[in-house]
């Protein structure tokens, strides 16, 4: 049996259809049926971070029923929200929830630049420090900001487990990420017709630095492009990565599951 981990998705009320927790549970059940053993639910601000923690607690306590994948939470502030104060994140991390395994998604987004670049860098640096201080994984969002990304990481230091999620660069950026000690997470973009750079990047990432994700509800992979994405489709991403690397699908599944298990404490 081929078992997958969706290393990055959003199942909070803001993101699921109708804002209904029952739909999140239904998506988790479909994921389990598709041999997804675990998912990492990622926050983008205070509300969605707290909701991710609540989902982990409910699943772990069996409140949502049996047979669901393992769920872990990553909490943090997206670069779009970089002007938001970060005191809540310090407080949330200080509670020491067992199911909170990372800080993020944080980083830099110069494509939309919803927050000033300088403020994005400050928020990113603070969250890197939190990951260092708590011994947690760091989950990075980066778009059109490669040089500043690498500059901030070089300045602040790369936490032991650091993930560049939803990778959108090419082989050169992927190789530089690996050289700096990052793991690279590939999303459904790898299945898109014109995503030649992402497929070329996926081909050069070593198996021990590779993750797969859906980024649900966004970026549904082919043949479901345009639909609302969900964790159960992470295997489609994995199959495309295996094709890019000319490897057996089971090898990519085993490697990405092992990597996610280590990084996000799924054992």
- prompt: Based on what the data block shows, is residue 28 under 22 Å from residue 266 (Cα atoms), surrounded by 19 or more Cβ atoms within 10 Å (Cβ to Cβ) and out of contact with any helix residue (DSSP H, G or I) (no Cβ under 6 Å at 6 or more places or on another chain)?
  reply: yes
Subset of the range 151-173 that is touching a strand residue (DSSP E or B) at 6+ places or on another chain (Cβ under 7 Å) and buried (at least 21 other Cβ atoms within 10 Å of the Cβ) - its residue that is nearest to residue 201 (Cα to Cα): 167
- prompt: In this structure, is residue 39 surrounded by fewer than 18 Cβ atoms within 10 Å (Cβ to Cβ) and touching a residue at least 12 places away in the same chain (Cβ under 8 Å)?
  reply: no
query: What do you reckon, is residue 240 out of contact with any helix residue (DSSP H, G or I) (no Cβ under 9 Å at 6 or more places or on another chain), surrounded by 24 or more Cβ atoms within 10 Å (Cβ to Cβ), at pLDDT 95 or above and part of a helix (DSSP H, G or I)?
result: no
Qualifying positions in the range 219-235 - under 16 Å from the mean Cα position of the chain (by Cα) and in contact (Cβ under 8 Å) with a residue 40 or more places away in the chain: 219, 229, 230, 231, 232, 233, 234, 235
- line: Sole miss for residue 82 among (1) crowded, with 24+ Cβ neighbours inside 10 Å; (2) closer than 25 Å to residue 257 by Cβ; (3) in contact with a helix residue (DSSP H, G or I) (Cβ under 6 Å, 6 or more places away or on another chain) is condition (2)
- prompt: From the list 63, 113, 81, 105, which residue is under 30 Å from residue 151 (Cβ atoms) and more than 20 Å from the chain's Cα centre (by Cα)?
  reply: 113
message: Any residue at all in the range 215-222 that's surrounded by fewer than 16 Cβ atoms within 10 Å (Cβ to Cβ), in a helix (DSSP H, G or I) and at pLDDT 95 or above?
response: no
query: With the range 1-114 as the region, which strands (runs of 3 or more DSSP E) entirely inside it contain at least 1 residues that are on the phi > 0 side of the Ramachandran plot?
result: 100-109
query: Of 73, 61, which residue is in contact with a strand residue (DSSP E or B) (Cβ under 8 Å, 6 or more places away or on another chain), more than 27 Å from residue 116 (Cβ to Cβ) and either crowded, with 24+ Cβ neighbours inside 10 Å or free of Cβ contacts under 8 Å to residues at least 12 places away in the same chain (or both)?
result: 73
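The values are calculated or read from the model by the stated rules, or taken from the named source; none is laboratory data. Here the structure is a predicted model, which means the values were calculated and not measured. All Cβ positions, glycine included, derive from the backbone under ideal geometry; neighbour counts span all protein chains shown.
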